[in-house]
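Report on one structure; see the data block that follows.
The values are calculated or read from the model by the stated rules, or taken from the named source; none is laboratory data. Just so it is clear, the model here is predicted, and its values are computed rather than measured. Neighbour counts run over all protein chains shown; Cβ positions are idealised from the backbone, glycine included.
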Amino acid sequence: MGRVLNEMNASGGTIAEKVKAYNDANRKVAILCNHKRTVTAGHATAMEKMGERIKGLRYQKWRLKQQMLDLDPTLKKKKGSAFFEIDEDLDKEWIEEHQAFLIEEQKTKISKKFEKDNEKRVADGEKEMKASELEERLQVVKEMEKKFKKENKTGKVEAEARGATVEKLENSITKIDQRVETMSLQAQDKEDNKEVALGTSKINYIDPRLTVVFSKKYDVPIEKFFSKALREK
């Protein structure tokens with residue numbers, strides 16, 4: 001492991017890239033030591049969920065770009081129409097399914113918050129809020145539903161945030177790009193490790209001091225490699 005780490009150069013990358021580089025080195029050791037494992041029953045489902053989350057972020061990115069156009073239509077000429085096109089795999093059917101998921105997710109979030117608020121009121125000796133309060137809170141979901149229907153019909157997305165500017169939207173897009181990159185690396189790492197027991201080599205065969213050296217050399221938090229229990233041990 002020491003030789004593998006010495007040969008690699010993980011400087012200049014993101015934290016996610018450095019963690020993947022470390023795991024790649026660990027994987028080489030695990031394969032050499034024949035540390036195999038059976039692919040878990042939930043692996044395919046987990047990978048599918050990660051893929052859907054990444055697609056959701058790319059859809060969010062497209063909506064932000066459309067909001068930029070809403071604020072400044074001349075951007076289409078300045079940046080080129082290709083910049084504002086939606087990814088081919090985000091087709092009409094997927095978009096409608098994802099919108100339904102977002103609506104249901106928001107509805108669940110509001111309902112749970114309402115229940116929690118009521119539980120606190122009861123615990124504090126106060127009167128519970130009426131169902132009408134929940135209905136009022138759920139108006140946000142109805143507005144969300146209307147908004148999506150309008151977007152699907154017109155193909156346009158109106159700027160949402162109060163005080164939105166092109167610059168702010170571009171900053172949000174940059175952050176989404178970073179999240180997509182991080183999640184894509186994590187997904188690739190998970191797929192590469194599905195039949196390799198990295199934990200066995202990392203805990204029992206690799207000198208933990210090598211991991212600490214890597215952590216300090218490339219400025220990666222040690223908790224990215226060791227759980228709290230292992231760090232204390």
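For every residue, the table says whether it meets (1) exposed (fewer than 12 other Cβ atoms within 10 Å of the Cβ); (2) farther than 18 Å from Lys61 by Cα.
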residue: Lys142; (1), (2): no, yes
residue: Lys146; (1), (2): yes, yes
residue: Val157; (1), (2): no, no
residue: Ala161; (1), (2): yes, no
residue: Val180; (1), (2): no, no
residue: Ala187; (1), (2): no, yes
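Mind checking which residues of the range 16-46 are polar (S, T, N, Q) and not in a helix (DSSP H, G or I)?
Scanning the range 16-46 gives Asn34, Thr38, Thr40.
Out of the range 13-48, which residues are among the polar types (S, T, N, Q) and over 20 Å from Lys217 (Cα atoms)? Step through it out loud before you land on a result.
Initially, the range 13-48 is screened for residues among the polar types (S, T, N, Q), giving 14, 23, 26, 34, 38, 40, 45.
Those that are among the polar types (S, T, N, Q) and over 20 Å from Lys217 (Cα atoms): Asn34, Thr38, Thr40, Thr45.
Can you pull out every residue in the range 52-82 that is among the small types (Gly, Ala, Ser) and surrounded by 14 or more Cβ atoms within 10 Å (Cβ to Cβ)?
Residue satisfying the conditions is Gly56 alone.
Kindly list the number of the only condition in (1) closer than 20 Å to Leu71 by Cα; (2) at pLDDT 95 or above that fails for Gly155.
(2) is the only condition that Gly155 fails.
A quick yes/no check of all residues on (1) of a type in the set (Lys, Arg); (2) part of a helix (DSSP H, G or I):
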{"site": "Phe101", "(1), (2)": "no, yes"}
{"site": "Thr108", "(1), (2)": "no, yes"}
{"site": "Lys120", "(1), (2)": "yes, yes"}
{"site": "Glu133", "(1), (2)": "no, yes"}
{"site": "Lys142", "(1), (2)": "yes, yes"}
{"site": "Lys150", "(1), (2)": "yes, yes"}
{"site": "Glu160", "(1), (2)": "no, no"}
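Being in a helix (DSSP H, G or I), among the polar types (S, T, N, Q) and at pLDDT 80 or above is the filter here, so list the residues in the range 174-233 that pass it.
Result: Thr174, Gln178, Thr182, Ser184, Gln186, Gln188, Thr211, Ser215.
Limited to the range 16-44, what total is found for residues that are under 26 Å from the mean Cα position of the chain (by Cα), of a type in the set (A, V, I, L, M) and crowded, with 19+ Cβ neighbours inside 10 Å? Explain how you work it out, then say what you get.
Start the filter on the range 16-44 by keeping residues that are under 26 Å from the mean Cα position of the chain (by Cα), which leaves 16-27, 39-44.
Next cut, of a type in the set (A, V, I, L, M) only: 16, 19, 21, 25, 39, 41, 44.
When the remaining residues are screened for being crowded, with 19+ Cβ neighbours inside 10 Å, the result is 16, 19, 21, 25.
Residues meeting the conditions: 4.
Mind checking which residues of the range 10-23 are at pLDDT 80 or above and over 16 Å from Phe226 (Cα atoms)?
Result: Thr14, Glu17.
From the list Glu128, Glu170, exactly one residue is part of a helix (DSSP H, G or I) and either among the acidic types (Asp, Glu) or surrounded by fewer than 14 Cβ atoms within 10 Å (Cβ to Cβ) (or both). Which is it?
Glu170
Residue by residue through the range 47-82, note down the ones that are in a helix (DSSP H, G or I), under 15 Å from Val157 (Cα atoms) and without any contact (Cβ under 8 Å) to a residue 24 or more places away in the chain.
Hit for the range 47-82 is Lys76, nothing else.
Please go through the range 28-72 and give me each residue that is modelled with pLDDT of 95 or more, over 16 Å from Asp189 (Cα atoms) and of a type in the set (Gly, Ala, Ser), ordered by number.
Gly56
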